[in-house]
Every structure is written in structure tokens, then in C-alpha cells.
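Notes follow the structure.
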Amino acid sequence: MADVDEKLRQILDVLDQLAEDTSVPRNIRRGAAEAKNILLKKDEDLDVRAASAISILDELANDPNIPLHGRTIIWNIISRLEALSAGTA
């Protein structure tokens, strides 16, 4: 369980960095913060939280205004969340 917590903490750290990155549009930063808040809800299963966050991040990745580095970060977070939720099933 500690391994899952560590991986989740790393994902949350990257979401924090994205939410504070002034080189990406405000709606992307807001979405990153929203995904982080969903992941922090301890009253839901990790799989449900991960799926909700992935859904938000997928929408953000398809935003035409997002810079390439922001899209790459989001894809990285999505793949880490998918691996995390697959590992807990």
C-alpha cells in the first residue's frame, strides 16, 4: 500500500506543478487542480478517483490551446494513473 501511496503522491506533485505553470492556459491549470482534488478524496475507491481524474485530463489534453509540453505532461500523468489503478484491481 505504501508503494501505491508513493506513486499517488508523485502524481499529485506533477499535477501541482502543472496547476502552477503559468505557460499553460488558465483552464488547463484549473483542470489540473480539479483532477488533484478528485484524487485526494479518500471517501471513494482509488479506481473511481483515477478514472474521474483521467477523464478530466483527457479533455485537457485535447484542448487546442495547450502547449506541447503541457500535453506531454498530461499524457504522462494519465499513463501513471492507468498503471496505478490497474495495480490496485
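Can you report the number of residues in region 9-58 which are among the acidic types (Asp, Glu), part of a helix (DSSP H, G or I) and surrounded by fewer than 13 Cβ atoms within 10 Å (Cβ to Cβ)?
The total comes to 2.
Let me confirm something: among Ile78, Ile66, which residue is farther than 27 Å from Ala2 by Cα and either in contact with a helix residue (DSSP H, G or I) (Cβ under 7 Å, 6 or more places away or on another chain) or open to solvent by less than 50 Å² (accessible area, probe 1.4 Å) (or both)?
Ile66
The values are calculated or read from the model by the stated rules, or taken from the named source; none is laboratory data. All values derive from a computational prediction rather than experimental measurement. Cβ sites come from the backbone with ideal geometry, for glycine too, and all protein chains shown count toward neighbours. Remember, those area values only see protein heavy atoms, side chains included, never the ligands or the DNA or RNA. Shrake-Rupley method; radii C 1.70, N 1.55, O 1.52, S 1.80 Å.
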